[in-house]
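Asker: Here it is, the structure in full.
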Amino acid sequence: MNRIRVVGLGVQGIEQLTLAGLRQLREAEAVLHLVDPAVDVRELTDRPTESLHALYLAGVRDHDDFGRLLGRILDRARSDGDIAVLLPGDPRLGVTVVQQLQRLADAGELTLHVEPGVSHFTTTVNNLGIDPLERGTLVVDAHRLLLFQQLPNPAFNTFVYHVDGADQAELLQRLLLRAYAAEHPACLVEAGPAADGTSAVAWGRVGSLCELLANVPFASPLYLPAAVPHRVDRAVLALLTPFRSEPAEPATW
């Protein structure tokens, strides 16, 4: 059965590639990649390499791009038997082709191994200095929010990915104003030259979201920090509050 090894490179180039990922690249018969051209994949393996950049075309439907990428990956898997595919970030976060490969693997049509990488989300929360579990975090695609007209819960930190164009930004602003005050802060985060891989490039307000998102790269998430909740369940709060026992009485003999 054909084997495909998908490897995450991380967001800062070769220095974030794990040893486990490097082993996967070197064990495969060929390495396909969709990483920054500045990364010389030939330094990582002595196996044949192939860039997939020519198949990823700007200005066309995502469905068409994904179809070309998937087709080429499957063609090479059939011809070489065991290939690696090197992708930026973490292959499990926002990479449609990997989910398509997973469905084929679940159907028994190929063997799939996915080696995680440092994701843009990981470097973003590191750059912002937050723990995504402390206040709770919602990570969502903008298309899903708009398609289902789903309001985020302001009590949680929220990251909205894939805000695509001015028209969608206006629709998103209208939706978010149903959940947040116009003065609620919003932060645009994008990949940058910082040592941890991201830079918080701009702060704004939900009420002026269209201005903030005017020149948003597609990969840049919008961060909405959690607001103070208006109410909590007191019974649950009592269960979560650490029990404070009374001081023990001195022992008597």
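Asker: Quick one: which of 82-92, 202-212, 145-155 comes out on top by average Cβ neighbours within 10 Å, and what's the full order, highest first?
Answerer: Top to bottom by mean Cβ count within 10 Å: 82-92, 202-212, 145-155.
Asker: Note down the nm distance, to one decimal, between modelled labels 7 Å out along Cα→Cβ at Leu151 and at Glu183.
Answerer: In this crude spin-label approximation the distance works out to 2.0 nm.
Asker: If you don't mind, there's one more thing I want to ask. Calculate, in nm to one decimal, what Ile14 and Asp75 gain on full extension: separation in residues at 0.36 nm each, minus their alpha carbon distance.
Answerer: Here the segment from Ile14 to Asp75 would lengthen by 19.3 nm.
Asker: From the phi angles alone, apply the Karplus equation (6.51, -1.76, 1.60; θ = phi - 60°) to the range 72-85 and give each ³J(HN,Hα) in whole Hz, x where the residue is Gly or Pro.
Answerer: With the stated coefficients, the range 72-85 comes to 5, 4, 5, 4, 5, 5, 5, 7, 9, x, 9, 10, 10, 10 Hz.
Asker: Could you tell me what percent of the DSSP beta bridges with both partners in the chain are antiparallel, to the nearest 5?
Answerer: On the way: 13 of 36 bridges.
Of those bridges, close to 35 percent are antiparallel.
Asker: Skipping prolines and chain starts, which residues have an amide H placed within reach, meaning under 5 Å, of the one on Thr158, given they are 5 or more residues away or on another chain?
Answerer: Leu138, Leu224, Ala226
Asker: Long-range amide H contacts for Ala186: which residues qualify at under 5 Å (H placed 1.01 Å from N, peptide plane, sequence gap of 5 or more or a different chain)?
Answerer: Answer set, sorted by chain and number: Gly204, Arg205, Val206.
Asker: Taking a ≥ b ≥ c as the square roots of the eigenvalues of the Cα gyration tensor of the range 3-118, is the shape rounded (a/c under 1.5), prolate (a/b larger than b/c) or oblate?
Answerer: On the way: a/c = 1.38, a/b = 1.13, b/c = 1.22.
Note, shape of the range 3-118 comes out rounded.
Asker: Can you list residues from other chains, or at least 5 along the same chain, whose modelled amide H is less than 5 Å from the amide H of Ala30?
Answerer: Ala84
Asker: Let me ask something else. Testing the spin-label approximation: label points 7 Å from Cα along Cα→Cβ at Thr111 and Asp40. State their distance in nm.
Answerer: For Thr111 paired with Asp40, the spin-label model returns 3.3 nm.
Asker: For the range 24-36, in order, what is each residue's ³J(HN,Hα) by Karplus, 6.51 cos²θ - 1.76 cosθ + 1.60 with θ = phi - 60°, in whole Hz (x at glycine and Pro)?
Answerer: Couplings: 4, 5, 7, 7, 6, 7, 7, 10, 9, 8, 9, 10, 3 Hz.
Asker: Tell me the label only: which of [x] -0.82, -1.43, -1.59; [y] -0.91, -1.27, -1.35; [z] -0.81, -1.25, -1.37 is log10 I(q)/I(0) by the Debye sum over Cα atoms at q = 0.13, 0.17, 0.18 Å⁻¹ as calculated from this structure?
Answerer: Label of the calculated value: [y].
Asker: Next up: For the range 90-109 and the range 1-58, compute the distance between their C-alpha centroids and round to whole Å.
Answerer: Cα centres, the range 90-109 to the range 1-58: 17 Å.
Here, each number is a calculation from the coordinates, and none is a lab measurement. Note that the structure is predicted; figures quoted are calculated from it, not measured. Note that each Cβ is placed from the backbone with ideal geometry, even for glycine, and that neighbours are counted across all protein chains shown.
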